[in-house]
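Trainee: Submitted below is the structure of interest, expressed as structure tokens.
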Amino acid sequence: MTKTNIIGVYDDEDLIVEAIHHIQKKDIKIKDVLTPIPIHGVFEALKLESRLPLATFLYGTLGAILVFAFLYWTSVVSYPLKFGGKPLNSLSFIIIMFVGTIFVATFLTFMTFFIRQKLFPGKEVQVLDPRATDDKFLIVVDKDEDLSAKEITAIKKAFKDSGASEVNEVEEEVKQKKN
Amino acid sequence: MDQKLVISQKFKTATFILMGIGFIAFVYAFVSHPERGWANLLINNYYFIALTVGATFYLALQNVTQSHWSSGFNRIPYAIANFFPVLFILMIPVMFGLHSLYHWSHADAVAHDAILQHKAPFLNVPFFIIRYLIYFAVWIGLTQLLRKFTFKEDLVGGLKYFEKTEFFSKVYIFSLAFTFSLASFDWIMSIDAHWFSTIFAVRNFVMGFYHAIVLVLLIAILMNKLGYFPYLNKYHLKDYSKYIFVLCIIWAYTWFSQYILIWYANLPEETVYYMPRTKGEFTPLFYTELIVNWLFPFLMLLLGKVTSNKNILMVIMIILLLGQYIDVYMQVTVGTLHHLNIGFIEIGGFLGYIGLFAYVFAWSLSRKPLISKNHPLIEESIKHHP
């Protein structure tokens, strides 16, 4: 099955945030924004929300507890060896806990991100416009089948008015869900 | 654009009352407990030296990195820099109290002490005073030069003074590395003359830098509430919060590095520094210092809603500034007074210094426009967005 998208191509990154606001004002739902570089303000303008920071915090807490449990088990429970006159359960854990926490939090955050975005090695990439990886900035709007011709021209006009250099319609392969 | 700060009569009266309290506290201290008076003088001087050095370093760093987000608030650290000459005068009395503060300044103590004899070529009274003069000459000279450039830029415009500021900011950062390191050795580490720590200068520098940004943000928010800096928006607040959040981790990192190495090596000549701090009457303050300066801001600033709320941020910033007082207090008092004293002398002295700082700061901020209007990056700061 294929789906059609209307894509506005912009030449300048400075236009993007303004263009998003302009298009949103016309009650058009933006599906995606594709840019070769991260642009400040796009995330806020699209009113996206992410729970990833919270996940990172929880993973960090989990990591600290896990590493502490491991160190406690190895050096107090399983093989209690005194060295340097230090107590078995001691401050020297903190450095490893610090590093371990960073590792666990980072690793699990990346894994979460990849799973949520359905990214994996060898995934077939669908590029709507290869120039989005070079020097063009894209705003993508879904072209629903039930849109009237009038609405489609309104979308295209909104793109043009906000400074798009081209407006294209691009088809995208969508995997059909098994019923 | 040419808005200037107008100091209200109320504010002036308040600062004069605070200064009066401080003056009475110090007079009372020197009459009844001279030891506590000297220690307090050093604590308060060092507290504000660290803040002023931190604020001017922050300013130099913003100039070198050509940061646009903060350029609208640059006049705050420029005004804080004017506290250096006052601190220079306030440090003069300390030079007369060396015998009460520093063990190494007693000739008879040095005569029976091999370690102090070994350190004598560096730690002796004449060289100590010469170094003090050099530090302040460098700090006052370079910060006044930076101030001169920014006010000339207001009149002339163009990139000439922007580039000059950037160059002299680099010079200032470079010279701070030497001068502030040695200054922290001189004034604080030499209280425990037998003890040394190689991370001491970094730890003290981070302390000042961290709390200086806290101070800048606190002033920015307070002035915004009074109607100045109308362009202060939530993205400025978020960026400042991130800055403070990172520095709170670096503060804990350096603090803990110093502690754990000494704890791990367990050498008697090093642990002597931490023994009275961790075991005895200073124990509660020792942990309070860590909680107030690290755990509290770490957990608070993790919350996204806090970082854009002016009122909550203001409370956090005031608590953090008290945290630096605990930090400096712990570094000075344990070696000089050996006992925990917090009373009218300490609180009154600190209030006096706050009043003096507030007055000098406001006076120097009010003399020039609040916005460096010809700064090339000023527009981006005023329209700062995510």
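What follows is calculated from the coordinates using simple rules that are stated; it is not laboratory data. What you see is a predicted model; the values in this text were computed from it and never measured. All Cβ positions, glycine included, derive from the backbone under ideal geometry; neighbour counts span all protein chains shown.
Trainee: Once you average over the residues of B:242-251, how many Cβ atoms of partner chains fall within 10 Å of each Cβ?
Mentor: Values: counts 0, 0, 0, 0, 0, 0, 0, 0, 0, 0.
Partner Cβ neighbours, averaged per residue: 0.
Trainee: Which helices, counted as full DSSP H runs in chain A, have an axial Cα extent of no less than 15 Å and a Kyte-Doolittle average of 0.0 or above? Could the numbers behind the result be given before it?
Mentor: Working: long enough: A:14-25 (18 Å, 0.21); A:52-72 (29 Å, 1.85); A:93-116 (33 Å, 2.17); A:149-161 (18 Å, -0.47).
For chain A, where a helix must reach 15 Å along its axis and average at least 0.0, the hits are A:14-25, A:52-72, A:93-116.
Trainee: Moving on. So if we plug the beta-carbon distance of B:Tyr287 and B:Val315 into 1/(1 + (r/R0)^6) with R0 = 25 Å, what FRET efficiency do we get, rounded to 0.05? Don't jump to the answer; show the numbers that get you there.
Mentor: On the way: r = 21 Å, r/R0 = 0.85.
The computed FRET efficiency comes out at 0.75.
Trainee: So how strong a dipole does chain B carry about its Cα centre when Lys and Arg Cβ are +1 and Asp and Glu Cβ are -1, to the nearest 20 debye? It would help to have the intermediate numbers written out before the result.
Mentor: Numbers: 26 positive and 19 negative charges, 297 e Å.
Result for chain B is approximately 1420 debye, rounded to the nearest 20.
Trainee: For chain B, what does -39500 (n - 2.57) per DSSP helix run (n ≥ 4), summed and divided by total residues, give at 222 nm, in deg cm²/dmol to the nearest 500? Kindly include the intermediate steps, with their values, before the conclusion.
Mentor: Numbers: 17 runs with 289 residues, N = 386.
Roughly -25000 deg cm²/dmol at 222 nm, from the helical runs in chain B.
Trainee: From the Cα trace of the protein assembly as shown, what convex hull volume per residue do you get, rounded to a whole Å³? Don't jump to the answer; show the numbers that get you there.
Mentor: Values: hull volume 115.2 nm³, N = 565.
Hull volume normalised by residue count: 204 Å³.
Trainee: Hey, another quick one. Starting from the Cα gyration tensor of chain A, take the square roots of the eigenvalues, sort them a ≥ b ≥ c, and report rounded, prolate or oblate (rounded when a/c is under 1.5, otherwise prolate if a/b is larger than b/c, else oblate).
Mentor: Values: a/c = 3.73, a/b = 2.79, b/c = 1.34.
Judged from the Cα gyration tensor, chain A comes out prolate (a/c at least 1.5, a/b above b/c).
Trainee: Turning to a different aspect of this structure: If you line up the long axis of helix B:160-187 against the longest principal axis of chain B, both from Cα atoms, how many degrees apart are they, to the nearest 10?
Mentor: 20 degrees
Trainee: Starting from the Cα of B:Phe344, step 7 Å toward the Cβ, then list every residue of the range B:1-44 with an amide N under 16 Å from that point.
Mentor: Under 16 Å, as judged by backbone N against the label point of B:Phe344, lie B:18-34, B:36-37 of the range B:1-44.
Trainee: Follow-up. For the cross-link pairs A:Lys26/A:Lys157; A:Lys136/B:Lys242; B:Lys4/B:Lys305, which exceed 20 Å when the distance is taken from alpha carbon to alpha carbon?
Mentor: Working: A:Lys26/A:Lys157 10 Å; A:Lys136/B:Lys242 31 Å; B:Lys4/B:Lys305 32 Å.
Cα-Cα > 20 Å for A:Lys136/B:Lys242; B:Lys4/B:Lys305; rest within.
Trainee: Less than 15 Å from a label point 7 Å out along the Cα-to-Cβ axis of B:Tyr253: which backbone N atoms in the range A:80-109 qualify, by residue?
Mentor: A:95-96, A:98-103
Trainee: Going down the list A:Lys47/B:Lys234; A:Lys118/A:Lys156; A:Lys25/A:Lys143, which pairs span over 24 Å between their C-alpha atoms? Mind dumping the intermediate values first?
Mentor: Values: A:Lys47/B:Lys234 16 Å; A:Lys118/A:Lys156 31 Å; A:Lys25/A:Lys143 18 Å.
Among A:Lys47/B:Lys234; A:Lys118/A:Lys156; A:Lys25/A:Lys143, the Cα-Cα distance tops 24 Å for A:Lys118/A:Lys156.
Trainee: Rank B:Trp38, B:Val64, B:Ile213 by how far each Cα sits towards the positive end of the charge dipole of the protein assembly as shown (+1 on Lys, Arg Cβ; -1 on Asp, Glu Cβ) and give me just the farthest.
Mentor: Selected residue: B:Trp38.
Trainee: Once the Cα atoms of helix B:125-156 and of chain B are each reduced to a long axis, what angle between those two axes, in degrees from 0 to 90 to the nearest 10, is obtained?
Mentor: Taking the Cα atoms of chain B, the angle to B:125-156 is about 0 degrees.
Trainee: Here is a follow-up. In the calculated pair distance distribution of the range B:54-139, what percentage of Cα-Cα distances lie above 21 Å? Kindly include the intermediate steps, with their values, before the conclusion.
Mentor: Working: 1865 of 3655 pairs.
When all Cα pairs of the range B:54-139 are counted, 51 percent exceed 21 Å.
Trainee: Right, here's the next one. When you have a sec, figure out the Kirkwood radius of the range B:183-254 from all distinct Cα pair distances and drop it here in Å to one decimal? Intermediate results must be reported in sequence, preceding the final value.
Mentor: Working: mean 1/r = 0.0709 Å⁻¹.
Hydrodynamic radius (Kirkwood, Cα pairs) of the range B:183-254 is 14.1 Å.
Trainee: Report, to one decimal in Å, the Kirkwood hydrodynamic radius for the range A:52-116 based on all distinct Cα pairs.
Mentor: Numbers: mean 1/r = 0.0781 Å⁻¹.
The answer is 12.8 Å.
Trainee: Mind checking the angle between helix B:268-278 and chain B's longest principal axis? C-alpha axes, 0 to 90 degrees, to the nearest 10.
Mentor: That helix lies at roughly 60 degrees to the long axis.
Trainee: Now for a different question. Please state the charge dipole magnitude for the protein assembly as shown, taken about the Cα centre, from unit charges on C-beta atoms (+1 on K and R, -1 on D and E), reported in debye and rounded to the nearest 20. Let's see the in-between values first.
Mentor: Numbers: 48 positive and 43 negative charges, 175 e Å.
It comes to approximately 840 debye.
Trainee: Using +1 at the Cβ of each Lys and Arg and -1 at the Cβ of each Asp and Glu in chain B, identify which of B:Ala358, B:Val272, B:Val246 lies farthest towards the dipole's positive end.
Mentor: Of B:Ala358, B:Val272, B:Val246, it is B:Ala358.
Trainee: Any idea how far the Cα center of the range B:162-205 sits from the one of the range A:84-131, in Å?
Mentor: Here the answer is 36 Å between Cα centres.
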